[in-house]
Amino acid sequence: MVRAAAQELRGGLLLKRAAAAPPVRAAREPVGVRPTRGDLIAGFSVALVLVPQAMAYAEIAGLDAVHGLYAAVAAALGGALVGSSPYLQSGPTAVASLLTFGALTTVADPYSPHFALLAALLAVAVGLIRLAVGLAGGGPIAYLMSQPVVVSFTSAAAILIVASQISSLVGVRGHGANPLVTAFGALRDPGAWSMVDLALGALAMIAMLGGRRISPFFPGALLAVVAGTAWSSYVGYDGRVVGDVQARLALVTDLPWGDLGSLIVPAVVIALVGFAEPAAIARRYAAEDRKPWDSNKEFIGQGLANVAAGIVGGYPVGGSFSRTALNRLAGARTRWSGACTGLVLLAMLPFTSALANLPSAVLAGIVIAAAVTLVDVSSPMRLWRWSRLQFSVGAITAIATLVMAPRIERAVLLGVGTALAVHLWRELQVSVPSRTEGDTLHLWPSGVLYFGSAPGMEKVVNRLIAQQPALSHVVVHLSGLGRVDLTGALMLRDLIEETESSGVTIEICEARPHMKRILTRVLGDTTTIHLMADD
């Protein structure tokens, strides 16, 4: 189920074609010290896609387009230094951009210099957290985000991303912190819409979505950007444009460290939630190539990518599904492909000023075309069939994301908390099937016997014994229990002592070998313990 959900989490033709591709033979070879020809081709191909994406995603984050370019260059180079996947492409992503906007919009004005500095500081904080997790061997924490939470949050975030671009798409400014409110404000007066902007955005979407049907390598976004900029310059377009894009990569030395305390919670959320995307795609390709995947190394690599992005004036980044799939299809063999992408982008920076006349409606179309592929309708339907409880977890996460926007990190925390609460509630339930043979009662408890479930099991066993006064012996079969903690063992001891005082003996049998230590120490000689054969 997890693998299937991860596969569909970011649908889209590009990812599906990449998934259908045969395993890349050269990916099983050791990483060399020099890039291969495939790395160079793949790196260049990804760079052509990343330029317009980085500029568009910066708009989602509430930043000028140039900050997306800074993040793209630094993340590609920093993420290539360490990592487990030879294909993973680091850089700006739609979800990380929305999380950044939500974290900062209440403390600074979007597009302001202070907002940009806070975004850079947030990237550094996210990077340091990921580095700490990876160096401490905490990589398995990536698996704590349940699929219902991840899928539902991503789909709801995609809806918010689309909503955030409606104003630029129709040329009408909406008002409100929540993108849904802003979109409604822009759409409620069709007479004020700019048909030119709407046409530009629609053509950009056609170039993106239609190009994917032609070939995964079709540079739809780049084509839309170049054509949109050329047309705008030729006709003297007077709508909203990107504006001056003077990309001068340099270290940021005046980060507002005094504001770090207010960014810790969103930094933790972005560090963990944002890792779900690169983890899913990296694990999938590692499985197809029959190679091990190291979550700790991936955390370290993504940490370096974020620190690098922050110190040059970028913002939090992650691993991209679409660009990683393209990287693999284009022939990448090693992490050098990411470095090649970064170097190509670095060489392009002096020429980005030519994009000053790019209409914002074109970027809006590019963002919408990328975001709609993130909306996963089939997974919630399957959750409804498989588990109504897990469907509820996903529904709560999705609704909270839409309602709490722009502070969507709170929705993530709520979703994770709900998933943990459901898990704990399930763990409280210990089923105790029983059968009576003469004066002997046989019990087969199943689940986990721990401090939360021990009182419930004790209550059930006492009731069963009380219902049969003629009992003289009880056999408790522990083969169905996955674990017994100290409280559970103490409960068994108390149960044995209480029943023996009324003339009923209890025997423990089929205890798993890993339970031997706690049971023998706590129960001692109060009863006989029979162990199962070691698996």
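The values are calculated or read from the model by the stated rules, or taken from the named source; none is laboratory data. Since the structure is predicted, the reported quantities are computational estimates derived from the model, not experimental observations. As a convention, Cβ positions derive from the backbone with ideal geometry for all residues, glycine included, and neighbour counts pool all protein chains shown. Each accessible area value is taken on the protein alone, full model and side chains, heavy atoms only, with ligands, DNA and RNA left out. Shrake-Rupley method; radii C 1.70, N 1.55, O 1.52, S 1.80 Å.
Please compute the contact order of the chain in relative form: average sequence separation of alpha-carbon pairs under 8 Å and at least six residues apart, divided by the residue count, as a percent. Numbers along the way, then the final one.
On the way: 1062 pairs, mean separation 139.2, N = 535.
Relative contact order here is 26 percent.
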> If packing is taken as the mean number of other Cβ atoms within 10 Å per residue, what is the order of 202-214, 291-303, 466-478, highest first?
Replying inline: 291-303, 202-214, 466-478
> What is the spin-label model distance, in nm, from Arg34 to Ser387 if the labels are put 7 Å beyond Cα along the C-beta direction?
Replying inline: 5.1 nm
> Which Cα, out of Ala361, Tyr237, Trp386, lies furthest along the positive dipole direction of the chain (beta carbon charges, K/R +1, D/E -1)?
Replying inline: Tyr237
> In bins 5 Å wide, starting from 0, what share of all Cα pairs of segment 137-269 does each bin hold, as a percent?
Replying inline: 2, 8, 10, 13, 14, 16, 15, 12, 7, 2, 1, 0
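Could you size up the charge dipole of the chain around its Cα centre, putting +1 on the beta carbon of Lys and Arg and -1 on that of Asp and Glu, and report it in debye to the nearest 20?
Details: 39 positive and 33 negative charges, 310 e Å.
Charge dipole, the chain, about its Cα centre: 1480 debye, nearest 20.
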> Taking N as the number of residues in segment 416-535, what value does Rg over Cα atoms divided by 2.2 N^0.38 Å take?
Replying inline: 1.06
> Sorted by mean Cβ packing within 10 Å, highest first, what order do the peptides 453-464, 157-168 take?
Replying inline: 157-168, 453-464
> Amide H to amide H, which residues 5 or more places from Gly62 or on other chains are under 5 Å from it, using H placed in the peptide plane?
Replying inline: none
> How far is helix 388-404 tilted off the main Cα axis of the chain, in degrees rounded to 10, range 0 to 90?
Replying inline: 40 degrees
> Can you list residues whose amide H is under 5 Å from His473's amide H, if they're 5+ apart or on another chain and H is modeled 1.01 Å from N?
Replying inline: Leu441, Thr505
>> Using a 7 Å offset from Cα along Cα-Cβ at Lys516, what residues in segment 484-501 end up with backbone N under 17 Å from the label point?
In response: 484
> What value does segment 90-174 have for Rg/Rh, both radii from Cα atoms and Rh as Kirkwood defines it?
Replying inline: 1.04
> Per the helix-only calculation at 222 nm, which mean residue ellipticity applies to the chain, given -39500 (n - 2.57) for every DSSP H run of n ≥ 4 and division by its residues, nearest 500 deg cm²/dmol?
Replying inline: -19500 deg cm²/dmol
>> Given R₀ = 30 Å, what would the calculated FRET efficiency be for Val265 paired with Val235, taking r from the Cβ atoms and rounding to 0.05?
In response: 0.05
>> Explain nothing, just compute: Karplus ³J(HN,Hα) = 6.51 cos²θ - 1.76 cosθ + 1.60, θ = phi - 60°, for every residue of segment 80-89 in order, whole Hz, x for Gly and Pro.
In response: 7, 5, 9, x, 9, 8, x, 9, 4, 9
> Taking a ≥ b ≥ c as the square roots of the eigenvalues of the Cα gyration tensor of segment 163-214, is the shape rounded (a/c under 1.5), prolate (a/b larger than b/c) or oblate?
Replying inline: oblate
> With each pseudo-label sitting 7 Å past Cα toward Cβ, what's the Leu413-Ser479 distance in nm, one decimal?
Replying inline: 4.6 nm
> How much accessible area per residue does segment 106-165 have, in Å², with a 1.4 Å probe?
Replying inline: 34 Å²
>> If you fit an axis through the alpha-carbon atoms of helix 486-500 and take the longest principal axis of the Cα set of the chain, what angle between them do you get, 0 to 90°, nearest 10?
In response: 20 degrees
> Which order do peptides 105-115, 63-73, 191-201, 314-324 fall in by mean Cβ count within 10 Å, highest first?
Replying inline: 314-324, 63-73, 191-201, 105-115
> Could you give the alpha-carbon Rg of segment 320-394 over 2.2 N^0.38 Å, rounded to two decimals?
Replying inline: 1.69
>> Quick check: pseudo-label points 7 Å beyond the Cα along Cα→Cβ at Glu500 and Val377, how many nm apart are they?
In response: 6.5 nm
>> Restricting the calculation to Cα positions, tell me the Rg (one decimal) and the Dmax (whole number) of the chain in Å.
In response: 28.0, 98
> Along the positive direction of the dipole of the chain (beta-carbon charges: Lys, Arg +1; Asp, Glu -1; about the Cα centre), which of Gly261, Val51, Ala142 reaches farthest?
Replying inline: Val51
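Under the rule a/c < 1.5 gives rounded, and otherwise a/b versus b/c splits prolate from oblate, where does segment 382-436 land using the Cα gyration tensor?
oblate
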> Using the Karplus equation 6.51 cos²θ - 1.76 cosθ + 1.60 (θ = phi - 60°), what ³J(HN,Hα) coupling, rounded to whole Hz, does each residue of segment 370-384 give in order, writing x for Gly and Pro?
Replying inline: 6, 6, 5, 6, 8, 7, 10, 8, 5, 5, x, 5, 5, 4, 4
> So what's Rg/Rh here for segment 31-138, counting alpha carbon atoms and using the Kirkwood radius for Rh?
Replying inline: 1.01
> With θ set to phi - 60° and the Karplus curve 6.51 cos²θ - 1.76 cosθ + 1.60, what are the ³J(HN,Hα) couplings of segment 123-136 in order, to the nearest whole Hz, using x for Gly and Pro?
Replying inline: 4, 4, 5, 4, x, 5, 5, 5, 4, 4, 4, x, 5, 7
